[in-house]
Each structure stands twice: as structure tokens, then as C-alpha cells.
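Undergrad: Structure provided below as C-alpha cells; questions to follow.
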Amino acid sequence: MNFFSVVMIGLLLTASAAAEEIGSVNTKFKWLGPNDKIVIEVFEDPEVPGVACYLSHAKTGGMSGAIGVAEDTADASIACRQIGPIKITGRIRSGKDDGEEVFKKRTSLVFKSTQVVRFYDSKRHVLVYLTYSDRVIEGSPKNSISVVPVLPWSADSEAR
């Protein structure tokens, strides 16, 4: 097995499989290959049951997008909501897990990814989710945040 094969297998194993695609809209027609689009995905915080985050991001089409070598832009937006009872661990509550990665998606063949990290604001009792793009050489200052107040969840809410 050569070096390139090892790198590709590593990338496939680290690709995020936790997101579910909700839908997409086309933004630019391409003569060959799929159109450029904006994709909406949802994932649940693996360490905080009761929180789901909706992430929208650009997906480059064309032939390079079809074969997986296109580099997507750093544009992304996030909205996180409480969807059930929230249980916060002691590590999160203490701030020891601030900046912990909760989601990561590859946005180029090797060097670029979109990430979501979590912080806890204990004074206001809220979870803060930050999405941003990073690159091996140079990241992007484009970012978006969403705040989830940690509220009691009644049995009536679960009946819906």
C-alpha cells in the first residue's frame, strides 16, 4: 500500500458520518457535473443529549465536485436548539471541555474542513456552538455561532 492510499483511507475514516442531510438548494448551474449548492445538515451533540445543530454550508459542484477534489468555500451558518432534556457533564460545566470539537466535515480533498466546537457559559447557563473553517496553512475568519439556553424539559414537551 502506497503513501497516497494510506492518506486517503485515513481521510475516509476521519470523515464525519454523524450528520444527516436535510435538504439543499442549487445556487449555480454547471454544464458538467452537479450544480453548486447550499446543503443543510443536522447533527446531535454527542456529549450533550438534547441538543441538535443545523448547519448550512456551500458545496462546490462541477466535475471537480463530482469526483470529490473541489474546495468548498468557508461560508457556513449554524443554528442549535434544545430538542429534549439536556444533561451537562461535570467536565463541560467546569469549562474543561470548552472548545471541544463536536462536528467536523472535510471541505477539500486534504487541507480544509468545517468544524463545530462547543463552549459553556456558566454565568448565563447556556451552551455556545461556534462553526468555522480551518486549513493546514491558513484558516478563515468567517464564522457563525448559536446559543442554546439550558432549560428544564417538561413531560408535556415530549408528548408532541
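Just so you know, all these numbers are worked out from the coordinates, no wet-lab data involved. Nothing here was measured: the structure is a model prediction, and the numbers come from that model. So basically every Cβ, Gly included, is an ideal-geometry build from the backbone, and we count neighbours across all protein chains shown.
Undergrad: If neighbour count is taken as other Cβ atoms inside 10 Å, put Glu20, Glu100 in order from fewest to most.
TA: Glu20, Glu100
Undergrad: Of Leu151, Leu32, how do they rank once you tally other Cβ atoms within 10 Å and put the fewest first?
TA: Leu32, Leu151
Undergrad: Quick check on the exposure proxy: order Lys142, Lys59 from fewest to most C-beta atoms within 10 angstrom.
TA: Listing Lys142, Lys59 from fewest to most nearby Cβ atoms yields Lys142, Lys59.
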